[in-house]
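Trainee: I have a structure I would like to understand better, so I am pasting it below and will then ask my questions one at a time.
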Amino acid sequence: MARPAVWHVLAVGAMLLGALWLPLPLYLAALAVFGLPHVVWEMGFLRSRYAGRWPWAWWLALWAVLLAQAVVRGAVWVDTYSATLGQIVDLLSLLALGLIVAAAPAGAGWRVRLAGLAAALAVWLLLERGDVLHALLVLAVLHNFTPLAMVWDMRREQPRSPAVRALAWAVSGLFLLPLLVAFSGWSGAFLPPALGMQMPLLEAQWPPQWGGVQHSAVLSAIVLAQCLHYYCVIVLLPRAEQRRSGQPVLPRGLQLATWAAAALMTAYYAADHASARQLYAVAAGIHAWLEWPVLLMAWLSRPPALKRRQKR
């Protein structure tokens, strides 16, 4: 086995073992250290792949909504607005993004427009029912699996690339692991006594009433999925995109600045986890909400490579 493959196996093995036996420490450490870098790397990846596909006016509308959401989340961080209001604005932002997808640029196709309308309608119904927190929790879990959509979109665009094909199947295999853990009935997680007071932070990711006897296994699965998400968007997908484009998704200076900011965020988490989590949510909300319209547009329209072949 080649040396890079050995390191990949060791990294995934460490994530799996940590999620099974020490999910809370792994969750806290991964979020503090890799949360901000994964946001920056993922946005760099999305910019590299998709920025040139659609007109600037469409992107401007998208970013106006995302910045409005960020302002509200920032206000929650400084305690100007309540967390409940922030959650409602999150769903309203998603509704607006669905409408922006429905108003996609010419040539996007009817499937894109219908998907945007359907997404906006679904969010509206959730708001009408008052299922705000439940919807956000489910979206947070689904967000961990978005590397699957990203890598298979790369596969659609580069159907003859053995490296992309291998990566697509490898990422698919990785994200089978959380599903296996979730349905395994695993209950052997160890809670270090020093972290006993922090357990609600992890349990908030998936309420106990949703998991039943499987709740411990589901929490381990969520932690594993989150770590795999970080691994994919910081390491695997940017390297594949660099092979395609010939340049890194982030310039060297921005990479170093991001890791320096991550070190400061880690210290902030250690001092005040709740406040640091709210600050991180400002950036996290932008990148997570950006994914949904971009991936809808990418998947429901023809990939650029196919369009070029059809024009010949």
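Trainee: Please go through the range 4-22 and give me each residue that is in a helix (DSSP H, G or I), over 19 Å from the mean Cα position of the chain (by Cα), touching a residue at least 24 places away in the same chain (Cβ under 8 Å) and within 22 Å of T266 (Cα to Cα), ordered by number.
Mentor: Within the range 4-22, A11, G18 meet the criteria.
Trainee: Picking from L236, L264, L219, which residue would you name as being part of a helix (DSSP H, G or I), farther than 24 Å from D90 by Cβ and in contact with a Pro (Cβ under 8 Å, 6 or more places away or on another chain)?
Mentor: On the way: L264 fails: in contact with a Pro (Cβ under 8 Å, 6 or more places away or on another chain); L219 fails: farther than 24 Å from D90 by Cβ.
Exactly one of L236, L264, L219 is part of a helix (DSSP H, G or I), farther than 24 Å from D90 by Cβ and in contact with a Pro (Cβ under 8 Å, 6 or more places away or on another chain), namely L236.
Trainee: So which of A104, A57 is more than 20 Å from the chain's Cα centre (by Cα), crowded, with 19+ Cβ neighbours inside 10 Å and small (G, A, S)? Lay out the reasoning, then the answer.
Mentor: Details: A57 fails: crowded, with 19+ Cβ neighbours inside 10 Å.
When all the criteria are applied, what remains is A104.
Trainee: Here is a check on your reading of the model: is V151 surrounded by fewer than 14 Cβ atoms within 10 Å (Cβ to Cβ) and at pLDDT 95 or above?
Mentor: Details: surrounded by fewer than 14 Cβ atoms within 10 Å (Cβ to Cβ): no; at pLDDT 95 or above: yes.
When the stated conditions are applied, V151 does not pass them.
Trainee: Right, L62: touching a residue at least 24 places away in the same chain (Cβ under 8 Å) and farther than 30 Å from A103 by Cβ or not? Lay out the reasoning, then the answer.
Mentor: On the way: touching a residue at least 24 places away in the same chain (Cβ under 8 Å): yes; farther than 30 Å from A103 by Cβ: no.
So L62 does not fit the description; no.
Trainee: Go through (1) in a helix (DSSP H, G or I); (2) at pLDDT 90 or above; (3) over 19 Å from A274 (Cα atoms) and name the single condition Q214 misses.
Mentor: Result: Q214 fails condition (2) only.
Trainee: Right, something else. Would you please name the residue that is nearest to L97 (Cα to Cα), looking only at residues in the range 263-277 that are touching a residue at least 60 places away in the same chain (Cβ under 8 Å) and either acidic (D, E) or surrounded by fewer than 19 Cβ atoms within 10 Å (Cβ to Cβ) (or both)? Walk me through how you get there before you give the answer.
Mentor: Applying the first criterion (touching a residue at least 60 places away in the same chain (Cβ under 8 Å)) to the range 263-277 yields 265-266, 269-270, 273, 275-277.
Restricting the remaining residues to those that are either acidic (D, E) or surrounded by fewer than 19 Cβ atoms within 10 Å (Cβ to Cβ) (or both) gives 266, 270, 273, 275, 277.
On the way: T266: 31, A270: 35, H273: 30, S275: 27, R277: 24 Å.
So the residue we want is R277.
Trainee: Is there any pair with a first residue in the range 233-261 that is over 17 Å from E291 (Cβ atoms) and a second that is at pLDDT below 95 and among the polar types (S, T, N, Q) whose Cβ atoms are under 8 Å apart and which are 6 or more apart or on different chains, and what are they?
Mentor: Correct list of pairs: R244/Q158.
The values are calculated or read from the model by the stated rules, or taken from the named source; none is laboratory data. This structure is a prediction, so every number in the text was calculated from the model and none was measured. Every residue, glycine as well, gets a Cβ built from its backbone with ideal geometry; the counts of neighbours run over all protein chains shown.
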